[in-house]
Amino acid sequence: MGSFSFAFGCVEVNPRDKDGQTPLHWACWLGFLHTVDLLLGHNGIDANVVDNDGDTPLHEAVRGQEYQVVCLLLKQGSVQLDIQNNQKRTPLLEAVSRGHLGMTQKLVALGANVNAVDGEGNSCLHLAMATEKFNSEDAPLDLLNECCTALKMKKKRRLSGVVVATYLASQGADFHHKNNKNNTPLDLIKDPNLRRKLEAFLPPQCLLCRNKEATTKVHPCEHLLTCEECSNVPLKRCLRCFKPVTSRGRVEAPKFEDRCVQTEATCQELGAASQAIGAPKCEDRCVQTEATCQELGAASQAIESPVLKEKDLLRVAKRLGRDWWQIVIVLEVDTTKLKIDDESNVTVKQGYQILYEWFKNCDPETRTHATLRAALEEAECFAAMECLSLDAK
C-alpha cells in the first residue's frame, strides 16, 4: 500500500494511490480517529469513494475493526450504507462476517439492508451462523437476552452466531433465503433441537417457491401457504391439511416478538393440558411439550392418512415425469438393483419402479399418503404431491 501526507489545506483531499485508495481509506483502516474527523470536515471530501476492490472507507473501518471510526462515519448523513464491493459485500455483511455486534446493530438501526447478499448468495444470516462468537462493542444486549429466552438458551450464549442471527431475523432478515449452494441459514444449524426452536419463531415459508415468506392465507382452513408472487397459482386443496380451498386472502404475518409470546403461551397450554389428563410430571416442560406435539402429530397422521396402494404409486409416477431422480434422493432408494436409464424417455415406468422399490422395503406403518406426501414436498415435486393429496380423504 502507498502512503499519503495527511497535511491538507487547499490541496486535493481525494487523491488515489495505485490501489485506488484515498487518505480517508487509509485513515479509516488504521483507526486514525482525529484524521478521519478532519477529513470528513473538509468540503471536498468524498466519504463514499470506492477503491479498486470496490471498498469504501466504511468497508475499511469495519474490516480494520475500528469501532469508533465506524461510529464517526455513521454520524455523517452522506455516508451510504449499502454500497457493495467487488465481492458484493456491503459494510453490514462485512461486520457480521467478522463478528462485530456493535457495528452490526448500528448499521441495522440506520437502515442498512438486512437482506443484502454477497457474491456467493450469502445473507447476513448465513454469515452470522458461520460466526462462532461476536464482539459486543458496547452494544445493548437486551434484545439478545430476549432471543436467548425465546430459544431457551443460557444468556452466556447471547453472543453466539445463532442468537445474533435470531436478532437479525427480528429486524427483517429472511431465514428462508437460499445461497448459491442452495442452503438456507437454517441448513447450517447442526443441532436439530435448536433448529426446531428457531423455526417456531420464524415467518412461515411459501410452500411453492420455498424462497419467500408466506403471506397468503387460504379459507376455510386459515393456513398460510404462499407468498405474494405465488398467490396466483391455482390451488384446489390446502397444501398443509388438504382440505378444499374456497378462497384466499393476503395477511400480515405476526412480528417476531408476537410469535415468541404465542409460542410460549402454546407451550404452557399444552403442558397444563397434559398434566390435567394425568400425564407424568417432568422437570423440563419443553421436552414434555415437544414429546406431546410429536404424539399429537403421529395420531393426526394415523387418523387422516390412508394406507398407500400400488395404484397411488402409479398416479404419482405419472406426475413426477423427469423429476423422478429427486425422489430417489429424498427416499434414499437403492437403485443399484433396478434397471434405470438416465437418458430414457420412459419416465413414468422408471418413476414407478423407484416408488415401488421404496414401497416394498419400507416399514408398513410408514407406508402412508402422509409419508410419501412429505417426501414429495421435500423434493419439491408439488404436482405429484397435489395428485396424491386429492386422494387423501
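Observations on the structure shown:
- L235 being open to solvent by less than 30 Å² (accessible area, probe 1.4 Å), over 24 Å from the mean Cα position of the chain (by Cα) and modelled with pLDDT of 80 or more: yes
- If the condition is being polar (S, T, N, Q) and outside any loop (DSSP other than H, G, I, E, B), then region 54-82 contributes only Q68.
- Within region 180-207, residues that are more than 19 Å from A128 (Cβ to Cβ) have Cβ atoms under 6 Å from residues that are open to solvent by 20 Å² or more (accessible area, probe 1.4 Å) and among the aliphatic types (A, V, I, L, M) in these pairs: P204/L224, counting only partners at least 6 apart in sequence or on another chain.
- Scanning region 83-99 for residues that are assigned to a helix (DSSP H, G or I) and either touching a Pro at 6+ places or on another chain (Cβ under 8 Å) or buried (at least 24 other Cβ atoms within 10 Å of the Cβ) (or both) yields a count of 6.
- Hits in region 127-180 (condition: at positive phi and charged (D, E, K, R)): E137, D138, K152
- Flag for V62 being in contact with a strand residue (DSSP E or B) (Cβ under 7 Å, 6 or more places away or on another chain), modelled with pLDDT of 95 or more, closer than 30 Å to L141 by Cβ and buried (at least 19 other Cβ atoms within 10 Å of the Cβ): yes
- Taking the numbered list (1) open to solvent by 60 Å² or more (accessible area, probe 1.4 Å); (2) modelled with pLDDT of 75 or more; (3) within 26 Å of C241 (Cβ to Cβ) in turn, K349 passes all entries but (3).
- When restricted to residues that are under 15 Å from the mean Cα position of the chain (by Cα), part of a loop (DSSP other than H, G, I, E, B) and of a type in the set (A, V, I, L, M), region 112-136 contains 4.
- Residue count for region 362-388, restricted to those that are in a helix (DSSP H, G or I) and either without any contact (Cβ under 8 Å) to a residue 40 or more places away in the chain or crowded, with 16+ Cβ neighbours inside 10 Å (or both): 18
- Verdict on R315 being at negative phi, touching a Ser or Thr at 6+ places or on another chain (Cβ under 6 Å), assigned to a helix (DSSP H, G or I) and at pLDDT 55 or above: no
The values are calculated or read from the model by the stated rules, or taken from the named source; none is laboratory data. If you're wondering where the values come from, they're calculated on a predicted model, not measured in any experiment. Glycine gets a Cβ as well: all are built from the backbone with ideal geometry, and neighbour counts include every protein chain shown. We work out accessible area using only protein heavy atoms, side chains counted, and drop any ligands, DNA or RNA first. Shrake-Rupley method; radii C 1.70, N 1.55, O 1.52, S 1.80 Å.
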